[in-house]
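Reviewing the structure listed below.
What follows is calculated from the coordinates using simple rules that are stated; it is not laboratory data. Every value quoted in this text rests on a predicted model; they were computed, and no experiment measured them. Positions of Cβ are backbone-derived with ideal geometry, glycine not excepted, and every protein chain shown enters the neighbour counts.
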Amino acid sequence: MREATAADRTDVAHSLARAFQDDPVSEFLFPDSRVRLRRLPVFYTGVLRLFDHLGLVHTDDRLRSAAAWQAPLVKPRLLDVLPAMFAVAIALRTAWMRLSQLNAAVVPFHPREPHWYLAVLGTDPAAQGTGIGSAVLAPILQRCDDRGILAYLESSKEANIPFYQRHGFRVCQEIAVKGGPRLWAMRREPQ
């Protein structure tokens, strides 16, 4: 496992797009499956660019899985993230309001104390079940343990909760997005 680079961005974005093709949040943002298929790679390319300023992205050597983490207390300058936000907006187009609605629903549940926020964890479906999802999580979870810092995420699939529980996360809140998906907020105390 290693940190993803700018040169990895396109391939990682395509792996994430395949991973999230049937995800409830993706379906909420892009209800039409044909539109979703076209826009998710562009969307994740922009999201990954944001993490140049927000935290870290870990991936495997074949770029099949990625974990994008926002570092504790990071507040980037708007000027730094504007190009990435523009790329995300281009991918979203009219879905921008749905993303804003989703963010408004989840942000109030984020922990107040410093924490690593797992914004994205995805593995290309062809590589799921091979352990690389766990492997890309490991570096930051180890850092959390070493430094006594909380980790936090929202799971958009109830079926993924046991996976996160095996890594020490516990459900702390169920979040209903009006007209959208259910999400499960999960915390992991340092171990």
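Taking Cβ atoms as reference points and 13 Å as the exclusive limit, the residues near A89 contribute a net charge of +4, counting Lys and Arg as +1 and Asp and Glu as -1.
Magnitude of the charge dipole for region 2-188, about its Cα centre and with charges confined to Cβ atoms of Lys, Arg (+1) and Asp, Glu (-1), is about 340 debye. Roughly speaking, what is the centre-to-centre gap between region 133-190 and region 13-85 when only Cα atoms are used, to the nearest Å? A separation of 17 Å, based on Cα centres. Bridge orientation summary for region 57-157: considering DSSP beta bridges with both residues in this region, about 70 percent are antiparallel. Of the DSSP H helices in the chain, those that are both long (alpha-carbon extent of 18 Å or more along the helix axis) and hydrophobic (Kyte-Doolittle mean at least 1.0) are 78-92. Computed from backbone phi with θ = phi - 60° and the Karplus coefficients 6.51, -1.76 and 1.60, the 3J(HN,Hα) list for region 118-129 is 7, 7, 9, 9, x, 10, 3, x, 5, 10, 5, x Hz; x is used for glycine and proline. Each peptide among 34-47, 126-139 gets the average number of other Cβ atoms lying within 10 Å of its residues, and from highest to lowest they stand as 34-47, 126-139. Here are some values of Cα extents along the principal axes in Å: (i) 65, 44, 32; (ii) 48, 45, 35; (iii) 42, 37, 37. Which one was computed from this structure? Of the listed options (i) 65, 44, 32; (ii) 48, 45, 35; (iii) 42, 37, 37, (iii) comes from this structure.
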